[in-house]
Amino acid sequence: MRRAVFIDRDGTLVREKHYLADPDQLELYPGSLEALRLLRSTGLALILVSNQSGVARGLFPEAQVAVIHSRLAAMLAQARVALDGVYYCPHHPQAAVAAYRRDCDCRKPRPGMLLAAARDHDLELAGSWVVGDKRDDIELGRTLGLGALLVRTGHGRNAAQGLESGEALAVCDDLLAAARWICARETPS
C-alpha cells in the first residue's frame, strides 16, 4: 500500500479566488508545479481534496467543479505533472440548494474524502500527509493521525495566528516549502 499527500485546492495549490467558478481564473501558485514534482519523487500518491460549498450555496452548478478540475488537469499535464485522484465535497449544512443541504462525512474536517481516496487507490493513511491553508485541513489530518502542515498562502496567514503550539507539524510559507519539509522526512522510492 502506498501513502499519500492530501492537498487542498483553493488557497494551497491554486490562488484563492473566493468560490472559484471560472476556469479562466484558475491560477497555480508559484512553485506549485515544483512542489508536486518533488512530492511525486518520494513515491507518495498526490490526492486533491477540496470543500466546494459554492455548489451548495447556489453560486455555481456542480458541473462547473468538473470544468475547473478538467482545466487544472490540463494545466498540470502541460507541465508533465498529474494528480492520482481528485475529491471534493459539494455539501454544506446550511445550503441554499436543498439537494446539497446535509451534514455529510465528506466535508472537511471530517474524513470522508480521505477514506474514499484510501479505498479507491489502495492507500495507507498511516504515515500520509495533509497540506492546506485552513484549520479544517489541519483538523482533518489530526482526526486520522496524519501529518498536517499549514501553508501561509490563501487563508493560511490568518489560520496560522489561531493555531496552538503543536497543532500543525509545521507552518510553511507555501506548498513548495511544505513539499520540501515533507521530502526531507521521506525516503525517495
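Go through segment 57-71 and count every residue that is within 17 Å of the chain's Cα centre (by Cα) and more than 14 Å from P23 (Cβ to Cβ).
0
Can you pull out the residues in segment 32-59 that are part of a loop (DSSP other than H, G, I, E, B) and closer than 20 Å to G85 by Cα? So that I can check it myself, show each step before the final result.
Restricting attention to segment 32-59, the residues satisfying the condition of being part of a loop (DSSP other than H, G, I, E, B) are 42-44, 52, 57-59.
Across segment 32-59, the qualifying residues are T42, G43, L44, Q52.
Those residues that are within 17 Å of R3 (Cα to Cα) and among the aliphatic types (A, V, I, L, M), I need them from segment 136-167; list them, please. I'd like the intermediate steps shown before the answer.
Start the filter on segment 136-167 by keeping residues that are within 17 Å of R3 (Cα to Cα), which leaves 140-149.
Answer for segment 136-167, where residues must be within 17 Å of R3 (Cα to Cα) and among the aliphatic types (A, V, I, L, M): L140, L144, L146, A148, L149.
Looking at segment 78-189, what strands (runs of 3 or more DSSP E) fall wholly within it and have at least 3 residues that are touching a residue at least 24 places away in the same chain (Cβ under 8 Å)? Full working, then the answer.
Working: elements: 85-89, 129-132, 147-151, 170-172.
Qualifying strands (runs of 3 or more DSSP E): 85-89, 129-132, 147-151.
Hey, Q25 hits all of (1) without any contact (Cβ under 8 Å) to a residue 40 or more places away in the chain; (2) surrounded by 15 or more Cβ atoms within 10 Å (Cβ to Cβ) but one; which does it fall short on?
Q25 satisfies every listed condition except (2).
Between residues in segment 44-57 that are under 15 Å from D105 (Cβ atoms) and residues that are among the small types (G, A, S) and assigned to a helix (DSSP H, G or I), which pairs lie under 8 Å by C-beta distance while being six or more apart or on different chains?
Once the first residue is under 15 Å from D105 (Cβ atoms) and sits in segment 44-57, its partners that are among the small types (G, A, S) and assigned to a helix (DSSP H, G or I) give V49/A117.
State all residues of segment 18-39 that are within 16 Å of V151 (Cβ to Cβ) and either hydroxyl-bearing (S, T, Y) or at pLDDT below 95 (or both); if no residue qualifies, say none. Walk me through how you get there before you give the answer.
Kept after step one, since they are within 16 Å of V151 (Cβ to Cβ), are these residues of segment 18-39: 27-36, 38-39.
Result: Y29, S32.
The values are calculated or read from the model by the stated rules, or taken from the named source; none is laboratory data. Treat the numbers as computed from the prediction; the structure is a model and nothing was measured. Heads up, the Cβs are rebuilt from the backbone with ideal geometry, glycines too, and the neighbour counts pull from every protein chain shown.
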